[in-house]
Amino acid sequence: MAIFLALLLTLVLGALADVATGGVRRLFRTPGPWWRGVARAWSDARLLVRDRDRASVLEAAGAGAALVGATLAAAAAAGLLPSSAAFLYLALALAATGGHVAASTSPVEAGEGRAARARFLAILAEPAFVLALGVAFLRWRASDLEAIRGAHEVLGPGYRVGPGMAAAGLVLAALALVAAGALRQAPEPGEEAGSEGGPALLVTLCRWSLAGATALTAAALLAGRGLGPAAADWPLRAEAAPLLGLAAAGAVVAGLARAGLFALPERRRWLAAPATLVLALAALILVAAA
Amino acid sequence: MMFAGDTLVQAAALGPAAAGVVWLLLSPWPVARRIGGGLLALAAHVAAWAVLWRLYSGEAVSWRGLEPDLLRASIVAFAQIGILLAATRAERLPSAGAAGAMIALGVATSAMTYGAYATGLVTLALLVPVTTLAAAAAGLTGSGRRDLGGIAGLAAADVLVVAGLSMVLARTGSTVLGPAGGHDLGTWVLLLGAAAKAGAIPGIGTWRLAATGGPGAPVAAVIRGQGIALLVVAGPGIAGVEGSVPVAAGAALLAFACGAAGLRAARASGALSAVTGVGACIPFLALGLGGAVGFRAFLTAAPAFLLAAGAAFAVAWAQDPPLAEPSRPPRGGRWLGAATLAVAGASLVGLPPGGGFPGTWLALDLAAVRAEVDPWTLALAGLTVLGLLAAALAAVPLLRAVRPKRLPAALAALVAGALLYMGAAPVRLGIGWFIRIERAGAVPELLPASGAPGLPGVPGGQLLTALVPAAAIVLLVVLLGRGLRGSGTDGFAPLIVRREPRGLLRRAAELRAEAERLFLGVGLAMLLEIGVIFGLVRLVLLGAHQGFL
């Protein structure tokens, strides 16, 4: 039950990220409502049932792999599974790769192009993602979330534990992690005919699960008192609130990063990757200097 | 006991060559050659497992200069699975190519097995170039000069291996392979040769050979096995499990380079070589990090690499348009092939729950733990994971390009199933094997209080629990759509579409084509192999002074 809840949490957080993206795009007068990400998923589900716009085996398998990866990462971040840095990374890598596999067999040509560009952007963003994750662990001189949770238990949330430069470095690392995570996602479904229904719904679920799992991981690094098997059962207990609040904030940051990406012209979107790398490098300098 | 130990060793070492010869003799009759050659090859493979089982049970098994230890016998058995899978593809090549590939596979497998079982350094060295020569001979039966790709690199790897073994002999003064304590120039040179043979160096040796569509490519499965066997010799066999910073750093850099090369892959074969190459780097990284945990990571990663590389080759080799087999297999075969490739690919890049996951996880976790004291090891882990993810994403378009035949797909799917089990329950599967090899290798005991990472990273039950909700959601989507649709897309779409080369790059491409036309690569390989022969003569003379003859 607790692990199932972890997956649901990632999906809700991912939907929140999409809403944040829609909100910012609406602010900048992009046509469409702010809830368009969630509304699109609903219309895809309706098309799936009504018109039998079905997914292919590869899309289903890719989505399955992505959801497993996100579940493992979210459960590790919440303290339900062993949670070393290597395990967290590999689980998040599975979530990202699975999403790109699901998006790779788009029924329309434009979708294939989008998928290839998204894969390329994901690769460009990976150094920033790896560096940010490494810096967050380096801050605590630990390789395991369990040790970091212990430090939080004794000293308090990571963003409050001094020296100030180290705390600032940790916050920057978490921001870079979430922003780079947003660039690793599979592409949004297009508007053209044929890129709707089951395949689009599965890719959306992949994106949501990855965004949610990344936000939960960043939250665990910042204030990682895990949910624990008992606290993670429904209804959630009060001690889970700080972690979930931070994860929700992380999801919003991911949504903002995604909106920033869409604000760039198509040919300049790769610039987002070096921008997140600069953020991660700044975090490294702060943590190392402290 | 039905068979004596020496009979089993003979059968395992010489059986593959006999199977190749029988296949060649019966080649005019397709059914007869499959039955005759296939049965002999299977018998030799069963013998290799029987040798492993005898050693596992604590019996000594030997024949003349062959006295394998459990680790090297295991590498042979796992490598032979990949070779049998490659044989199912080689067997279906056009007639001359098939004959060349099958006899080369048999002879090379015997040389690889004989070398891995050998206790003598000189015997091992004498057998090193045989696999390269077999691949070259097979390539010559193909239809184009491109079928000989990678031969020069493999010949250079032979030079390195023979030179490395000579240095080891000069240092230890003994022709018997045994622990000499620590890495030196000889082991590093030997490891570089092993890396080229394992396919871990982009664009060189086995990497290029496996990317060709000709009859030499299946021999790459044998050469990969030889590369891992040489890694065992140079690592735990000679240097022990102390670890080496240059080896770990080299493996991390190679993993990164493999990922980068995967991104540039314009064809399916390039992406396949990249994903296999990055998988080959993990055992090197594990041994480079060293210690009890590094050695355990190696033990977990190496068999999974050999199996996954074999399965991936069986379903995804020769899928580029000019090379693809003409008939389209039924849809079920395609999906089986794609699923198998997905599991094998996940194993090679260390993603859960593939068979390579526990070893990759343990090696990366070890690097992260070491980073608490030496932060630079975090950079090694970072480089490695960047290579892993780049290779994984570069291989994504491969999944929709696979069009395997039923038999290779079905056999590779069985191996993929085994890989999933290895990924989910590595300790249950291998604990007895780990302990026996670690005891024989005098690996230091680890106190639990030291805080070192250990297997399993995540118990199989928990992995399974995570599968259930994900599968439930996907199943719901499938049920809502009342089934699945056909793919509709086909072929390999490269991640980076390369422009036509201009200026110097164009000139370089023309020069390369001209070199291929004039067989310069083969000429260079011949020269290098002549150098190898001189090196071997010198080694035999040196060995003679130490009592080899």
Inset, instruction - Tell me which of these A:Glu153 doesn't satisfy, since it passes every other one: (1) buried (at least 24 other Cβ atoms within 10 Å of the Cβ); (2) modelled with pLDDT under 85. - result: (1)
Inset, instruction - Kindly establish whether B:Val369 is touching a Pro at 6+ places or on another chain (Cβ under 9 Å) and among the β-branched types (Val, Ile, Thr). - result: yes
Inset, instruction - Check every one of the helices (runs of 4 or more DSSP H) wholly within the stretch B:333-403 and list those with 2 or more residues that are facing chain A (nearest Cβ under 8 Å), modelled with pLDDT under 90 and within 13 Å of A:Phe87 (Cβ to Cβ). - result: B:357-370
Inset, instruction - Output the number of the condition that A:Leu121 fails; it satisfies all remaining conditions of (1) more than 7 Å from every other protein chain (Cβ to nearest Cβ); (2) surrounded by fewer than 20 Cβ atoms within 10 Å (Cβ to Cβ); (3) modelled with pLDDT under 90; (4) over 25 Å from A:Ala6 (Cα atoms). - result: (3)
Legend entry - Lone unmet requirement of (1) at pLDDT 75 or above; (2) under 26 Å from the mean Cα position of the chain (by Cα); (3) of a type outside the set (Gly, Ala, Ser); (4) assigned to a loop (DSSP other than H, G, I, E, B) for B:Arg482: (2)
Inset, instruction - Would you mind stating whether B:Ala449 is more than 30 Å from A:Ala122 (Cβ to Cβ) and modelled with pLDDT of 90 or more? - result: no
Legend entry - Filter result for A:Ala116 (at the interface with another protein chain (Cβ under 10 Å from one of its Cβ atoms) and either in a helix (DSSP H, G or I) or at pLDDT 85 or above (or both)): yes
Legend entry - Filter result for A:Leu81 (under 17 Å from A:Ala213 (Cβ atoms), among the hydrophobic types (A, V, I, L, M, F, W, C), within 9 Å of chain B (Cβ to nearest Cβ) and more than 15 Å from the chain's Cα centre (by Cα)): yes
Inset, instruction - Count, please, the residues in the stretch A:66-88 that happen to be free of Cβ contacts under 8 Å to residues at least 60 places away in the same chain and either on the phi > 0 side of the Ramachandran plot or in contact with a Leu (Cβ under 6 Å, 6 or more places away or on another chain) (or both). - result: 2
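Here's the yes/no breakdown for (1) more than 30 Å from B:Ser110 (Cβ to Cβ); (2) of a type in the set (Asp, Glu); (3) assigned to a helix (DSSP H, G or I); (4) modelled with pLDDT of 95 or more:
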site: B:Ile204; (1), (2), (3), (4): no, no, no, no
site: B:Leu231; (1), (2), (3), (4): no, no, yes, no
site: B:Ala271; (1), (2), (3), (4): yes, no, yes, no
site: B:Leu287; (1), (2), (3), (4): no, no, yes, no
Inset, instruction - Report, by residue number, each residue of the stretch B:420-446 that is charged (D, E, K, R) and either crowded, with 17+ Cβ neighbours inside 10 Å or at pLDDT below 80 (or both). - result: B:Arg436, B:Glu438, B:Glu445
Legend entry - Yes/no for A:Ala61 being within 12 Å of another protein chain (Cβ to nearest Cβ), over 17 Å from the mean Cα position of the chain (by Cα), surrounded by fewer than 24 Cβ atoms within 10 Å (Cβ to Cβ) and closer than 19 Å to B:Pro353 by Cα: yes
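Here is a yes/no grid of residues against (1) facing chain B (nearest Cβ under 9 Å); (2) in contact with a strand residue (DSSP E or B) (Cβ under 8 Å, 6 or more places away or on another chain); (3) at pLDDT below 85; (4) not in a helix (DSSP H, G or I):
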{"site": "A:Leu48", "(1), (2), (3), (4)": "yes, no, yes, no"}
{"site": "A:Ala66", "(1), (2), (3), (4)": "yes, no, no, no"}
{"site": "A:Phe87", "(1), (2), (3), (4)": "yes, no, no, no"}
{"site": "A:Leu90", "(1), (2), (3), (4)": "yes, no, no, no"}
{"site": "A:Ala110", "(1), (2), (3), (4)": "no, no, yes, no"}
{"site": "A:Ala128", "(1), (2), (3), (4)": "no, no, no, no"}
{"site": "A:Gly134", "(1), (2), (3), (4)": "yes, no, no, no"}
Inset, instruction - Go over the candidates B:Ile223, B:Ile204 one by one and state the one that is in contact (Cβ under 8 Å) with a residue 40 or more places away in the chain, surrounded by fewer than 23 Cβ atoms within 10 Å (Cβ to Cβ) and among the aliphatic types (A, V, I, L, M). - result: B:Ile204
Inset, instruction - Answer yes or no: is there a residue in the stretch B:316-324 that is in a helix (DSSP H, G or I) and either under 30 Å from A:Ile148 (Cβ atoms) or modelled with pLDDT under 90 (or both). - result: yes
Legend entry - Residue pairs meeting the criteria (Cβ under 6 Å; at least 6 apart or on separate chains; first on the phi < 0 side of the Ramachandran plot, in the stretch B:426-439; second in a helix (DSSP H, G or I) and of a type in the set (S, T, N, Q)): B:Pro426/B:Thr300
Inset, instruction - Run down A:Thr10, A:Thr97 and say which single residue is crowded, with 24+ Cβ neighbours inside 10 Å and either more than 8 Å from chain B (Cβ to nearest Cβ) or assigned to a loop (DSSP other than H, G, I, E, B) (or both). - result: A:Thr10
Legend entry - A:Ala147, sole failed condition from (1) more than 11 Å from chain B (Cβ to nearest Cβ); (2) surrounded by fewer than 21 Cβ atoms within 10 Å (Cβ to Cβ): (1)
Legend entry - Single residue of B:Leu70, B:Leu24, B:Leu39, B:Leu55 found to be more than 22 Å from the chain's Cα centre (by Cα) and under 22 Å from B:Gly310 (Cα atoms): B:Leu39
Inset, instruction - Return yes or no: is A:Ala168 under 22 Å from B:Asp374 (Cα atoms), aliphatic (A, V, I, L, M) and surrounded by fewer than 24 Cβ atoms within 10 Å (Cβ to Cβ)? - result: no
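For every residue, the table says whether it meets (1) within 30 Å of B:Arg145 (Cβ to Cβ); (2) touching a Phe, Trp or Tyr at 6+ places or on another chain (Cβ under 6 Å).
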residue: B:Ser57; (1), (2): no, no
residue: B:Gly65; (1), (2): no, no
residue: B:Ala87; (1), (2): yes, no
residue: B:Ala98; (1), (2): yes, no
residue: B:Ala108; (1), (2): yes, no
residue: B:Val122; (1), (2): no, yes
Inset, instruction - Sort out which residues of the stretch B:130-162 are under 16 Å from B:Arg224 (Cα atoms) and β-branched (Val, Ile, Thr), and write them in order of number. - result: B:Val130, B:Thr131, B:Thr132, B:Ile151, B:Val161
Legend entry - Yes/no for B:Leu126 being more than 23 Å from B:Ala280 (Cα to Cα), surrounded by fewer than 24 Cβ atoms within 10 Å (Cβ to Cβ) and modelled with pLDDT of 90 or more: yes
Legend entry - Index of the failed condition, A:Arg141 passing every other in (1) among the charged types (D, E, K, R); (2) touching a residue at least 12 places away in the same chain (Cβ under 8 Å); (3) within 9 Å of chain B (Cβ to nearest Cβ): (2)
Inset, instruction - Would you point out which residue out of A:Ala142, A:Ala174 is crowded, with 24+ Cβ neighbours inside 10 Å and either hydroxyl-bearing (Ser, Thr, Tyr) or under 27 Å from A:Ala96 (Cβ atoms) (or both)? - result: A:Ala174
Legend entry - Selection within the stretch A:32-46 - more than 13 Å from every other protein chain (Cβ to nearest Cβ), surrounded by fewer than 23 Cβ atoms within 10 Å (Cβ to Cβ) and either within 21 Å of A:Ala254 (Cα to Cα) or among the charged types (D, E, K, R) (or both): A:Gly32, A:Pro33, A:Trp34, A:Trp35, A:Arg36, A:Val38, A:Ala39, A:Arg40
Legend entry - Residue among A:Ala193, A:Ala167, A:Ala241, A:Ala231 that is at pLDDT 85 or above and either touching an Asp or Glu at 6+ places or on another chain (Cβ under 7 Å) or of a type outside the set (D, E, K, R) (or both): A:Ala167
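The values are calculated or read from the model by the stated rules, or taken from the named source; none is laboratory data. Bear in mind the structure is a predicted one, so any value in this text is a computation, not a measurement. All Cβ positions, even for glycine, are placed from backbone atoms using ideal geometry, and neighbour counts span all protein chains on display.
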